[in-house]
Amino acid sequence: MAITVKTADGATHQIEPGTSAVQCLKAAGQMNKRIIAAKINDRAVDLSAPLTEDCSVAPIAMESPEGLEVIRHSSAHLMAQAVKRLFPETQVTIGPVIDNGFYYDFSRKEPFTPEDLERIESTMREIIKADYPVTREEWPRDQAVDFFREQGEHYKVEIINGIPEPNVSLYRQGEFVDLCRGPHVPSTGRIPAVKLTSLAGAYWRGDSRNEMLQRVYGTAWASKSDLEAYLKRIEEAKQRDHRRLGQQLDLFSLHPIAPGSPFFHPKGAVVYNLLVQYMRSLYARYGYTEVVTPLIYKTELWKTSGHYDAFRDDMFLMKLDDDEYGVKPMNCPGHCYLFATRKYSYRDLPVRFADFSRLHRFEPSGTLAGLTRVRSMAQDDAHIYCTPDQMDAELEHFVALTREVYETFGFQRVDVSVQTRPEKFLGRVELWDAAEAALQRVAERTGYPVTVLPGEGAFYGPKIGFDFRDVLERSWTLATVQIDCAMPERFQLEYVTSEGSVATPVMLHRAVLGSLERFIAILLEHTAGHLPLWLAPVHARVLTLTERTESYGREVVELLRQAELRAELDDRNEKLGYKIREAQLQKVPYMVVVGDREAADRMVAPRQSSGGTMDPMSLDTFVKHLKAEAVPGRSI
């Protein structure tokens, strides 16, 4: 009996059960060489997958997000096949798709070398050229266990033993067979562009008690031009790496004596403090009150909030006088305690507590990464307590603040995500439903593209994330706002309503920059270290030409400092070109050259770090120019 299939063009077709997806797409005129997989009822499948019931069928092209995932998953198998050809004693474990690429973890006594990567990649090209068909096979679990045990693939045996289904799927290409759900490209020759990129170590199943495996990373794309563009972005990212720039610009350093806790040097402290100062200037206009809260609490605070069970492994805990204490990883429970210290009327709300306190979280050493993943940090953190009627207005208030900050930094490519209730959560379902509805209303009014991420909310409440895309096409979540569905009730927070009754306030968690450390890292990489003038650690460096102009150079520096501009003097006995080059490498926005003529005429000859030159001008004129430019939002 025929089944009905609907294709992507809206047409319906009557076909015999068992007809493959590729046969159906060909009959509908929707197949070409760029199609590598199909979707049956929105589920990605191999082109060879049979159609057994009424359904919809659509093609998956190489360049689509689903197509790239298929290519990258197939590339992981391609790499594993090449490794087994070259190093037969190696065991293969897992090889998932990740952002922009894939990896595979291998168990091997000898470490892989860069030269090995070249050999593996060369063998991968041979396998692509051979164009082996990639076929899916269904095996009983016991048969698959026996097969992989005979092959010496003990990790595959462990994986299969953890699968509850009676059958498992495997994929075969040439001599290589691997456990996988698929889908995959129809043949190895359909992988257009692949490149191995790096080596790393990784524990089996991410557990440090298990064996350390060798992880090989790679990337794969729908065309060679896309691959070349990506590799160019990666090279650009290396040049923009904030860890490299932090050392070059003398901003911060990291030391094993304090893992994950950056040392901010004098110039880095300038950037850090200016960010705090900028946010404080906004708080004055947006009605926030800044507070300072303790660093260490008894853990009963986090037991009340619910963080102890959910977050205990990420906390620094200690025993003192028979009590357990913890260094705070977040401000919200302390702010709840602070709110509860006095009685509020509805007329007092909203209350907006802002806090720049240091926070500490125990991140595993293997995850620490410069300023983007640290153990010691501060956030532009705030918590808002309001009535239910005020909630939408407060969310709009937050969006307005976020928009102003993003405009200041020139962040134009912004997306919004609404993250809903996870599987494990605290609080009443009706509170979650109301909170998610409120966030959705506000998100749709932002004017930014909105995506819903089911189950991605925090355990205590749903969240809106503002995702900024930088010049390297990387997405970073900066501003966030959450509606707390648990803590106000768990802390028994109250306010007096207009009727004289007692009610529980709505609690909002919000940050705009997020972690200051992480924000500095993102901004350094986005600007390649060319910070806007108002954030630059040094506005101008005065370069003397001769010993005769040293006195005037010092005078220029002093006058700039008196005008509250950050200036420094380079009066070394070096050639001017050398001094200019060094200032450019340190991203100093302005170089002020003073020679005999400038000293005699009481003038300066400014140069910009970008290489532009300016006409000689009086010192007063230059000061006015810098003061006008050194305003947030003027120079990005």
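Neighbour counts of other Cβ atoms within 10 Å put I163, I36 in the fewest-to-most order I163, I36. Take each peptide in 4-11, 378-385, 546-553, count the other Cβ atoms within 10 Å of every residue, and average; sorted highest first, the result is 378-385, 546-553, 4-11. Other residues lying with their Cβ under 13 Å from the Cβ of Y346 contribute a combined charge of -2, Lys and Arg counting +1, Asp and Glu -1. Where the alpha-carbon atoms of the stretch 470-584 are placed on the principal axes, they occupy 79, 37, 19 Å, in descending order.
Mean residue ellipticity, 222 nm, helices only, the chain: the sum of -39500 (n - 2.57) across DSSP H runs of n ≥ 4, divided by residue count and rounded to 500, is -10500 deg cm²/dmol.
Taking amide H positions as modeled 1.01 Å from N, with prolines and chain starts lacking one, the residues under 5 Å from L359 and 5 or more places away or on another chain are M377, A378.
Dividing the radius of gyration of the alpha carbons in the stretch 3-61 by their Kirkwood radius gives 0.90 for Rg/Rh. The separation of the stretch 497-574 from the stretch 111-173, counted between C-alpha centres, amounts to 54 Å. Each of T304, T527 was scored by other Cβ atoms within 10 Å of its Cβ. Listed from fewest to most, they are T304, T527. Applying 1/(1 + (r/R0)^6) with R0 = 60 Å to the Cβ-Cβ distance of D601 and E396 gives a FRET efficiency near 0.60. Dividing the mean sequence gap of close Cα pairs (under 8 Å, 6+ apart) by how many residues the chain holds gives a relative contact order of 9 percent.
Considering all C-alpha pairs of the stretch 15-100, those separated by over 23 Å amount to 36%. Considering only A354, T19, T544, and ranking their Cα positions along the charge dipole of the chain that arises from unit charges at the beta-carbon of Lys, Arg, Asp and Glu, the one farthest toward the positive end is T544. Positive contributions from Lys and Arg (+1) and negative ones from Asp and Glu (-1), summed over other residues with Cβ under 15 Å from the Cβ of T497, come out at -2. Grab the Cα-Cα distance for A8 and L453, subtract it from 0.36 nm times how many residues apart they are, and report the gain in nm with one decimal. The A8-L453 span can extend by a further 157.7 nm. Under the simplified labelling scheme, the A27-Q247 pair shows an inter-label distance of 6.3 nm, with each label point 7 Å from Cα along Cα→Cβ. Model label sites at K232 and H530, defined 7 Å from Cα along the beta-carbon direction, differ in position by 1.8 nm. Recomputing percent of Cα pairs over 41 Å apart from the coordinates shown identifies the correct label among (i) 41; (ii) 45; (iii) 33 as (ii). Counted residue by residue at 0.36 nm each, then reduced by the alpha carbon distance between them, the extension gain from A340 to R43 reaches 101.9 nm.
Computed over the alpha-carbon pairs of the stretch 540-629, the distance histogram in 5 Å steps reads 3, 16, 29, 29, 19, 5, 0 percent, short to long. Pairs over the 24 Å Cα-Cα cut-off, from the set K33/K129; K39/K463; K195/K238; K587/K627; K267/K579; K6/K129: K39/K463; K6/K129. Simple spin-label estimate for A269 and I296 gives 2.4 nm between the two label positions (7 Å along the Cα-to-Cβ direction from each Cα). In plain terms, the residue of R541, R403 with the fewest other Cβ atoms within 10 Å comes first and the most crowded comes last, giving R403, R541.
For the stretch 115-226, the pair-distance distribution built from all alpha carbon pairs, in bins 5 Å wide starting at 0, is 2, 10, 15, 17, 20, 20, 12, 4, 1 percent.
Just so you know, all these numbers are worked out from the coordinates, no wet-lab data involved. Computed from a predicted model, the values in this text were never measured in an experiment. As a convention, Cβ positions derive from the backbone with ideal geometry for all residues, glycine included, and neighbour counts pool all protein chains shown.
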